[in-house]
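K.L.:
After the structure tokens below, expect a handful of questions from me.
The values are calculated or read from the model by the stated rules, or taken from the named source; none is laboratory data. Model, not experiment: these values are computed from the prediction. Note: ideal-geometry Cβ built from the backbone for every residue, glycine included; neighbour counts use all protein chains shown. Keep in mind that these areas ignore ligands, DNA and RNA; they rest on the heavy atoms of the full protein, side chains included. Shrake-Rupley method; radii C 1.70, N 1.55, O 1.52, S 1.80 Å.
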Amino acid sequence: MNQQTIAQAIKNIIDPVTKLPLIESKTLLDIVVSDDRVELSFAFERQNTPEFAAFQKYLLKVLKIELGIKSVKIHYAQPQQAPNATASKQPQHLLFSGPQQARYIAVASGKGGVGKSTVTVELAKALVLLGKKVAIVDADVYGASIAKIFNIHNDGVTIHEGKILPPKAHDIAVIGIDLLNEGNTPILWRGPMLGKLINQFFTDVAWEQDIDFMLIDLPPGTGDVPMAIQQVLPQSEMLLVTTPQHDAAHVAVRAGLAAVDMGHPLLGVIENMAYYQCNDCAKPQYIFGRDGGMTVATALSVPILAQIPLQNEKSNLTAHFLDLAKIIINA
Ligand SMILES: Nc1ncnc2c1ncn2[C@@H]1O[C@H](COP(=O)(O)OP(=O)(O)OP(=O)(O)O)[C@@H](O)[C@H]1O
Ligand SMILES: [Mg+2]
């Protein structure tokens, strides 16, 4: 009997306070196992309600009858330690299996197609080249693309002790909806379902705990996914990608303001497709204009961290991300 077995057995029991399954409610703070005794600690106070009584009864049934644990002790919060009063920015609930020491950096944009996924992948590769341990969560549940870029498939995904072992490419561990799902079923995630899915990336995946950077590729815009990320990873930092075009920059400012509004530190702006350097040209060509990155950076009072050229066939895009990776490591 270990923590993990117990957590798995009780994860779907509904928390009487938040009315969410324990796996989502983040109120199960600790499980201590010693010999045939188990102690559980919850973030909420004991209550005198029928729901609470039913919760405790069901919990004890699973632990004592289904798992055969002889002695179970349950600790509830003292009145002065209500969950809201103790809520911290770290995801400290026990079922969270994301690496605790990693920096979580979400890559956002206003508009689609500006290069978020490319930036996520190339930044990850550059961080690996600089000796960091990196993982990518493809949170673009409507148009997952990281696995495709890396050419990895869900038949390479294995399960160990009830958790998903994320496949790796270039030493980068990757998870995404297309690595969980069979085939190409269309996805219509909304609200709670979406939150549950994003949560699953951090509760049901066996992440190595010494990962330094978890990069999160977001879908474009300010929709449900950034909100779900905020719930699961309130501490995540944010990078904003734009192209030099006015329309991309305009909506990037909106996405940046939304991120700041949700309390995410905005590290800065990456201007992608900033220029084109043809082999025989003396000067770069600014095909999409020159102002986008600066417009966004000025509007949000953050720096432009990188200007990435339009890749011509022979150029190695990763080399353009090394300086950015160094800045991020030191940020
Ligand atoms: N610097 C670049 N040079 C050349 N092509 C690029 C560059 N950045 C991105 N691309 C290409 O542009 C397309 C869109 O890029 P990408 O998929 O990374 O954007 P995205 O913002 O993640 O898009 P979506 O909003 O659909 O998720 C891809 O075909 C990608 O290979
Ligand atoms: Mg993308």
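K.L.:
Filter the stretch 205-228 down to the residues that are of a type in the set (Gly, Ala, Ser) and touching a residue at least 12 places away in the same chain (Cβ under 8 Å), then identify the one that is farthest from ligand 2 (Cβ to nearest atom). Break it down into steps so the answer makes sense when it comes.
P.N.:
Step one: list which residues in the stretch 205-228 are of a type in the set (Gly, Ala, Ser), which gives 206, 221, 223, 228.
Okay, now just the ones that are also touching a residue at least 12 places away in the same chain (Cβ under 8 Å), so 206, 221, 228.
Values: Ala206: 25, Gly221: 12, Ala228: 17 Å.
Only one residue fits best here, namely Ala206.
K.L.:
Scan the stretch 211-225 for residues that are open to solvent by 40 Å² or more (accessible area, probe 1.4 Å) and near ligand 1 (Cβ under 9 Å from one of its atoms) and jot them down.
P.N.:
Pro220, the sole residue that qualifies.
K.L.:
Related question: Which one of these does Leu317 not meet: (1) more than 28 Å from Asp224 (Cα to Cα); (2) open to solvent by 30 Å² or more (accessible area, probe 1.4 Å); (3) within 16 Å of ligand 2 (Cβ to nearest atom); (4) hydrophobic (A, V, I, L, M, F, W, C)?
P.N.:
Result: Leu317 passes all but (2).
K.L.:
Against the conditions (1) open to solvent by less than 20 Å² (accessible area, probe 1.4 Å); (2) touching a residue at least 40 places away in the same chain (Cβ under 8 Å); (3) not hydrophobic (A, V, I, L, M, F, W, C), where does Pro16 fall short? Just the number, please.
P.N.:
Condition not satisfied by Pro16: (2).
K.L.:
Checking the structure you have, find out if any residue of the stretch 80-94 is in a strand (DSSP E or B), assigned by TED's automatic domain parsing to the domain that holds Val32, at pLDDT below 95 and under 26 Å from Ser34 (Cβ atoms).
P.N.:
Applying the first criterion (in a strand (DSSP E or B)) to the stretch 80-94 yields none.
No.
K.L.:
Can I ask one more? If I go through the stretch 62-78 residue by residue, how many of them are in a helix (DSSP H, G or I) and closer than 19 Å to Lys19 by Cα?
P.N.:
Narrowing the stretch 62-78 to residues in a helix (DSSP H, G or I): 62-66.
Filter once more, keeping what is closer than 19 Å to Lys19 by Cα: 62.
The total comes to 1.
K.L.:
Show the residue pairs that are 6+ apart or on different chains and have beta-carbon atoms under 7 Å apart, the first residue being within the stretch 115-137 and closer than 17 Å to Asp210 by Cβ, the second being among the small types (Gly, Ala, Ser).
P.N.:
Short answer, once both residue conditions are applied: Leu127/Ala325; Leu130/Ala325; Val134/Ala124; Ala135/Ala173; Ile136/Ala124.
K.L.:
Here's another thing I want to ask about it. Among (1) in contact (Cβ under 8 Å) with a residue 60 or more places away in the chain; (2) hydrophobic (A, V, I, L, M, F, W, C); (3) surrounded by fewer than 19 Cβ atoms within 10 Å (Cβ to Cβ), which single condition is Leu257 missing?
P.N.:
Among (1) in contact (Cβ under 8 Å) with a residue 60 or more places away in the chain; (2) hydrophobic (A, V, I, L, M, F, W, C); (3) surrounded by fewer than 19 Cβ atoms within 10 Å (Cβ to Cβ), the lone unmet condition for Leu257 is (1).
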